[in-house]
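A quick write-up on the structure given underneath.
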Amino acid sequence: MSTDVQSKKEAYKRGEDQGRADALAGKPYADPPRDGSRGEKDQYANGYDWGYEQGRAQNEQGQHQNGQKPPQKLDLVVWQEGGVEDAPGGLGTTVNICVRTPNWSETVDAGECEHVFTAPTGFRWNGTVGAQYKRIDQTTGGNLPPVQAKVSGDGRTLTFTYHVHLNTGSDDKDCIVYTCGLEAVDGAATGRRTDGVAQVGTAPPAKLKAEVIEDED
């Protein structure tokens, strides 16, 4: 394994450990900075996101075990994994939108759920969506059917219906990840936008974030 690959793995692990620790301590999400180079800084931030979600789940599970009243309804948890950026006229990027159960381990078959993803200001969807399962140990799997997505005329809204099930067998463990193609629109002002939304069925919506950067060319 090259030194560069090893250092990225170590950065991801540091971020994962810190994110989990922050969530377990009840600290707010830190939103670590990213530079878009897919180097150590980005890997640390992506690991932090993953660890923070695991810590949140552990907190919720501990509250229920301590006798606190569990929620009346089992809601799925939706979140964006990692940060993304693109320049107008650039190559585009992808954003990972993840779905899990509150404690990662519950068996849920929610059936066919409507998915409505709104891109952050300055971005549009290109219509490509892939789905796979991602386990806590970072392995992936699934052999899932293709996603038949539709994009609105202005490109801001991506919609599709998909069968959401988690932990019903050995192939659908932990969380489902939708990888969606995203690109900055021509003329978009540079800056970070946090007004995107991911809605999956009746689950609480998640914020989608992306940054418009300058074209280096």
Query raised in the report: Under the condition of being within 18 Å of the chain's Cα centre (by Cα) and touching a residue at least 60 places away in the same chain (Cβ under 8 Å), which residue from segment 185-197 is least open to solvent (accessible area, probe 1.4 Å)?
Result: GLY196
Query raised in the report: In segment 171-184, how many residues are under 12 Å from GLU85 (Cα atoms) and open to solvent by 40 Å² or more (accessible area, probe 1.4 Å)?
Result: 1
Report task. Could you grab me the full set of residues in segment 80-128 that are more than 17 Å from TYR178 (Cα to Cα), at pLDDT below 95 and crowded, with 22+ Cβ neighbours inside 10 Å? Result -> none
Query raised in the report: On the given criteria, is GLN148 within 14 Å of the chain's Cα centre (by Cα) and open to solvent by 40 Å² or more (accessible area, probe 1.4 Å)?
Result: no
Report task. Please find, among LYS41, LYS69, the residue that is out of contact with any strand residue (DSSP E or B) (no Cβ under 7 Å at 6 or more places or on another chain), modelled with pLDDT of 75 or more and surrounded by fewer than 21 Cβ atoms within 10 Å (Cβ to Cβ). Result -> LYS41
Report summary line: Apart from one, (1) in a strand (DSSP E or B); (2) under 17 Å from VAL95 (Cβ atoms) all hold for GLU114; the odd one out is (2)
Query raised in the report: Among the residues of segment 119-128, is any aliphatic (A, V, I, L, M) and in a strand (DSSP E or B)?
Result: no
Query raised in the report: Do you know which residues across segment 151-168 are loosely packed, with under 13 Cβ neighbours inside 10 Å and within 30 Å of LYS13 (Cβ to Cβ)?
Result: THR168
Report task. Enumerate the pairs (first residue in segment 141-166 and among the basic types (Lys, Arg); second residue anywhere and open to solvent by 60 Å² or more (accessible area, probe 1.4 Å) and part of a strand (DSSP E or B)) with beta-carbon separation below 8 Å, excluding pairs fewer than 6 apart on the same chain, so at least 6 apart or on different chains. Result -> ARG156/ARG124
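The values are calculated or read from the model by the stated rules, or taken from the named source; none is laboratory data. Since we're looking at a predicted model, the values are computed, not measured. All Cβ positions, even for glycine, are placed from backbone atoms using ideal geometry, and neighbour counts span all protein chains on display. Each accessible area value is taken on the protein alone, full model and side chains, heavy atoms only, with ligands, DNA and RNA left out. Shrake-Rupley method; radii C 1.70, N 1.55, O 1.52, S 1.80 Å.
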